[in-house]
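Here the structure is laid out as C-alpha cells; the discussion comes afterwards.
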Amino acid sequence: MHPATATEKGTFMNELDHFQEAAKNPEGYGKNLKASGRPVIGCLCSYAPEELIHAAGAHPMRLFGTKEAIVNADGHLQTYCCSLAKGVLENTLTGRLSFLDGAVFPHTCDTIQRLSDIWRLNTDYDFFADVVYPVKLNTQSALDYTVDIFERFKKNLESWSGQSLSEADLTRSIEIFNSIRDQLAEIYRMRSKDPACLSGSLLSSVVKGSMILDRDELPERLFRLRKEIEEGRYAVPGNERKKRLIVAGSLCDHPDFFSILEESDGVVVWDDLCTGSRYFDETVDIGVPPLEAIARRYVERRRPCPAKHLSNTARGEALAAMAEEHKASGVIFFLLKFCDPHAFDYPYLKEYLETRNVSVTLVEVENQLPPEGQLKTRLETFIHML
Amino acid sequence: MYAVGIDIGSITTKAAVIDDNGILGTRIISTGYNASEAGQRVFDELLRECSLKPSDIGAIISTGYGRNSVTFADKSLTEIICHGAGAHYLNPSVRAVVDVGGQDSKALLIDDKGKTKDFAMNDKCAAGTGRFLEVMARALEVDLDAFGALSLQSDTPCRISSICTVFAESEVISLISRGERREDIIAGIHESVAARVAALAHRVGVHPPLMMTGGVARNIGVVTALEKKLGMPVEVSSYAQVNGAIGAAVLALKN
C-alpha cells in the first residue's frame with residue numbers, strides 16, 4: 001500500500017483512495033450524497049452538459065453500466081444493443097439506481113436515444129430530459145441549435161428544481177468544471193511525460209472517480225492528488241521503458257485492461273475515450289454568454305465522438321496527431337461490442353493510421369473483459385509487433 | 001548451439017529442438033491438467049529422444065497459452081509470433097499463416113523475415129477449432145484421425161448451420177438420426193470449420209503463399225474445404241502441429 005497521509009476527516013488516506021473508492025462503488029457514493037440532501041442526476045455520456053446540472057444545485061453522476069449479469073434489461077432491448085445501454089437499464093430496473101432524482105440522455109448514438117424512451121416509460125424518477133444534439137457540428141446552425149437545446153434543458157432543470165438558474169450560477173459552475181478539466185489534462189500530461197508516475201489502472205480510476213465525486217470538492221482533491229503524484233507516491237518504476245500506446249473507444253470501465261497491458265510491456269500514454277480525454281478535453285470560454293460558451297465546447301471540439309460529424313477525416317487526423325504528440329507507436333481500439341458509431345469508423349481509422357505508420361489493433365468487449373489468456377496473447381503480440 | 005521451443009497448447013504440448021543445420025527432433029504430448037509439468041516432461045522426453053543433455057541447450061523460448069508456466073524458459077512469446085516465425089522457417093516465401101489449434105484460431109500476415117505484420121484471433125467462441133472437431137468426432141463415434149479421409153468421400157456435404165458447438169452437436173445428432181451418411185456429415189462439419197476460419201482469414205486479408213499450421217492442419221478435409229472457401233492454395237507442412245514450437249526454437253536460436 002501507499003504511505004498514508006492525514007486527511008481533513010482525521011482518517012489516514014491517500015487522496016487517490018477517494019477516487020478509487022468512488023470508482024469501485026459509484027452507487028454507494030451516490031446514495032450517501034443523496035442522503036446528505038443533494039439531488040443526483042445520472043448522465044449517460046460525456047455530452048451531458050454537467051455545468052447546467054451543477055448550477056441547478058444537483059450532482060451530475062456518470063452512469064457506467066454493470067458487471068452483474070443482465071437479467072431484466074434483455075426483455076426491453078434488442079440483442080444488438082451495447083453492454084453499456086443494457087447495464088444502465090439493468091441497474092435502474094433492479095433498483096440499484098434508486099438514489100437518483102433522474103437522468104439526462106444526450107442524443108449521441110441511436111441506442112442511447114432509444115434507451116431514453118425505455119427508461120422514461122419504465123421508471124418514475126422526478127426528473128427526465130433528452131438533450132437532442134445535432135449530428136453535424138461544423139455549421140453556424142449547429143451552434144444556434146445547440147444553444148437552443150441548452151435553453152430548453154435549462155428550463156427543464158428550472159421547472160424541476162423550482163429555482164431559476166442565473167448567469168452567475170452558470171459561470172461559477174463553468175469555472176469549477178474548467179478547473180477539473182484543466183487538472184485532469186495536467187495529470188495526463190504528467191503521465192505522458194513520465195508513464196512511471198502512476199499506473200494506467202489508477203489513472204483510469206482518477207477519471208472515473210472525477211465523474212462521480214462531488215464537483216465542489218473535486219478541484220481541491222485533484223490539486224492534492226497532483227502533489228502526491230509529483231512526490232512519487234504512486235510511482236511504478238519500469239513503465240517509462242514500455243511501448244507507448246493510445247487507447248481509443250467509448251467507455252472503458254476495466255482498470256484491469258491497463259494492468260494487463262503494462263504486464264505485456266505496453267503503457268497507455270493518452271486516450272481518446274469518453275471515460276478519458278473526451279471528458280476533459282478543452283475548456284469552456286469565460287466572457288461569452290454561458291450557454292453559448294458551453295455549446296461551443298461541444299460543437300467546436302477537435303476530437304468529437306464518432307456519433308458526431310465534424311469532417312470525413314477529423315477523427316483520423318486527431319488520432320494521428322495524438323500519436324505523434326505523445327510519441328505513441330500503436331493505437332488500441334477498445335470498443336464495446338455492438339457500438340455501431342465506433343465500429344463504423346474503425347476500418348477507415350485503421351487504414352488512415354496504418355498509412356501513417358501507426359499500428360492498430362482492435363479489442364471488442366462487453367461488460368466483462370475477454371478471458372485473460374486470450375486477451376494477453378493478443379495484446380502481447382500487438383506490442384511485440386511495434 | 002541447440003535451441004528449444006516449447007508450445008503449451010490447450011490440448012497438446014509440443015517441443016522442437018533445432019540447431020544451425022535444421023530440425024533435430026520434435027515431440028508432442030497431451031497437456032493434461034498441469035501445464036507446467038507438461039512443459040518439463042516434453043522437454044525431458046525430447047532431449048532423451050535426441051540424446052541431448054539440458055546443458056547442451058543454449059536457449060529456450062516457451063509459447064502457447066501455457067507459456068508463462070515454463071519456468072526454465074529464457075523468454076516467452078505468444079504463439080502468433082512463433083507460428084509466423086515457424087512458417088517462415090519451413091518456407092521463407094510464405095506471407096500468410098492460418099493457425100488452428102485446440103481452442104484458438106489465428107490468421108496472420110508475415111513479412112519477408114517471418115515477423116508478424118497483422119493478425120486476427122477468434123475472440124467470440126471456440127467454434128471452428130480443434131475442440132469443436134473433437135466434440136463432433138465423439139457424437140459421430142468416429143476417430144478424429146479418420147475424419148479427413150472420410151470427408152473426401154463425400155460429394156454432398158450436409159449443412160451445419162449452428163456456430164455454437166453444443167447446438168452444432170445436436171444438429172449432427174439430428175442428421176445421424178435422419179440417416180444422413182457419416183461422410184456427408186463430416187464433410188459438412190469441415191465446411192463449417194472452414195467457414196469460421198476463412199472469415200477470420202478475411203479479417204486480416206490473407207493472400208498466397210498461405211500456410212496452415214496447428215493440429216487441425218493435419219485434417220485434409222478441413223484443408224480442402226478451406227482452400228475452396230478462400231479460393232487459394234493452402235500449404236501444409238508435415239511439421240504443422242509443431243510449427244509453433246519450431247518458431248519458438250528459431251527465435252531462441254536467433255536470440
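Read-outs: derived from the displayed coordinates by stated rules, not from any lab. Every value quoted in this text rests on a predicted model; they were computed, and no experiment measured them. Note that each Cβ is placed from the backbone with ideal geometry, even for glycine, and that neighbours are counted across all protein chains shown.
State the answer as a single residue: which of B:HIS190, B:PRO233, B:THR165 lies farthest towards the positive end of the charge dipole of region B:92-236, with beta carbon charges of +1 for Lys and Arg and -1 for Asp and Glu, about the Cα centre.
B:PRO233
Helix-only estimate, please: 222 nm mean residue ellipticity of chain A, summing -39500 (n - 2.57) across DSSP H runs of length 4 or more and dividing by its residues, to the nearest 500.
It lands at -15500 deg cm²/dmol.
Pairs of alpha-carbon atoms within less than 8 angstrom and 6+ residues apart define the contacts here; what relative contact order does chain B have, in percent?
So the answer I get is 26 percent.
For A:SER329 and B:SER36, FRET efficiency with R0 = 45 Å and r from the beta-carbon atoms, rounded to 0.05?
Calculated transfer efficiency: 0.85.
Would you calculate the separation in nanometres between label points at A:ASP144 and B:LYS115, each defined as 7 Å from the Cα along the Cα-to-beta-carbon direction?
5.6 nm
Taking chymotrypsin sites (Phe, Trp or Tyr not before Pro) as candidate sites, keep only those in a DSSP loop with at most 16 other Cβ atoms within 10 Å, then name the longest stretch of chain B containing none of them.
Maximal segment without exposed cleavage sites: B:73-255.
Restricting to DSSP H runs of at least four residues, report the calculated mean residue ellipticity at 222 nm for chain B, -39500 (n - 2.57) per run over all residues, nearest 500 deg cm²/dmol.
Computed mean residue ellipticity for chain B: -12500 deg cm²/dmol.
Putting +1 on Lys and Arg Cβ atoms and -1 on Asp and Glu Cβ atoms, find which of B:GLY215, B:VAL204, B:LEU152 reaches farthest to the positive end of the dipole of region B:92-236.
Among B:GLY215, B:VAL204, B:LEU152, the one farthest towards the positive end of the dipole of region B:92-236 is B:VAL204.
Within region B:172-231, list the trypsin sites (Lys or Arg not before Pro) lying in a DSSP loop whose Cβ has at most 12 other Cβ atoms in a 10 Å radius.
When the trypsin sites (Lys or Arg not before Pro) of region B:172-231 are filtered for loop state and at most 12 Cβ neighbours within 10 Å, B:ARG178 remain.
In a shell of Cβ-Cβ distance under 15 Å around A:PHE344, excluding A:PHE344 itself, what net charge do Lys and Arg (+1) and Asp and Glu (-1) give?
Neighbour charge sum, excluding A:PHE344 itself: -1.
Just want to confirm a number: the relative contact order over region B:92-236, from Cα pairs under 8 angstrom separated by 6+ residues, in percent.
In percent, rounded to a whole number, it is 32.
With +1 on each Lys and Arg Cβ and -1 on each Asp and Glu Cβ, how big is the dipole of the protein assembly as shown about its Cα centre, in debye rounded to the nearest 20?
540 debye
Over what distance in Å are the Cα centres of region B:12-69 and region B:140-188 separated?
Here the answer is 35 Å between Cα centres.
What shape does chain B have by the C-alpha gyration tensor, where a ≥ b ≥ c are the square roots of the eigenvalues, rounded means a/c under 1.5, and otherwise prolate means a/b greater than b/c and oblate the rest?
prolate
Taking chain A as a Gaussian network, Cα atoms linked when under 10 Å apart, which of A:LEU319, A:LEU369, A:LEU213 shows the biggest mean-square fluctuation?
The residue that fluctuates most here is A:LEU369.
List residues of region B:42-61, by number, whose backbone nitrogen lies under 17 Å from a label position 7 Å along Cα→C-beta of B:MET1.
Only B:53-61 fall inside the zone, counting backbone N under 17 Å.
I need the shape label for region A:58-171. Rule: rounded when a/c is under 1.5, else prolate if a/b > b/c, else oblate, with a, b, c from the alpha carbon gyration tensor.
oblate
Using the basic label-point model (7 angstrom from Cα toward the beta carbon), what is the A:VAL135 to A:GLN163 distance in nanometres?
The answer from the label model is 3.9 nm.
Which shape class, rounded, prolate or oblate, goes with chain A when its Cα gyration tensor gives a ≥ b ≥ c as root eigenvalues, a/c under 1.5 marks rounded, and past that a/b bigger than b/c marks prolate?
Since a/c stays below 1.5, the shape of chain A is classed as rounded.
So how do A:SER199, A:SER98, B:SER51 line up by other beta-carbon neighbours within 10 Å, fewest first?
The fewest-first ordering by Cβ neighbours comes to B:SER51, A:SER98, A:SER199.
Can you give the relative contact order of chain A as a percent, counting alpha carbon pairs under 8 Å and 6+ residues apart? Write down the numbers at each step before the final one.
Numbers: 615 pairs, mean separation 69.2, N = 386.
For chain A, the relative contact order is 18 percent.
Simple spin-label model, 7 Å along Cα-to-Cβ: B:ILE29 to B:MET232 in nm?
With each label point 7 Å from Cα toward Cβ, the separation is 3.8 nm.
Which entries of A:LYS350/B:LYS75; B:LYS75/B:LYS124; A:LYS67/A:LYS337; B:LYS113/B:LYS254; B:LYS14/B:LYS113 have Cα-Cα distances beyond 19 Å here?
Listed pairs above 19 Å: A:LYS350/B:LYS75; B:LYS75/B:LYS124; B:LYS14/B:LYS113.
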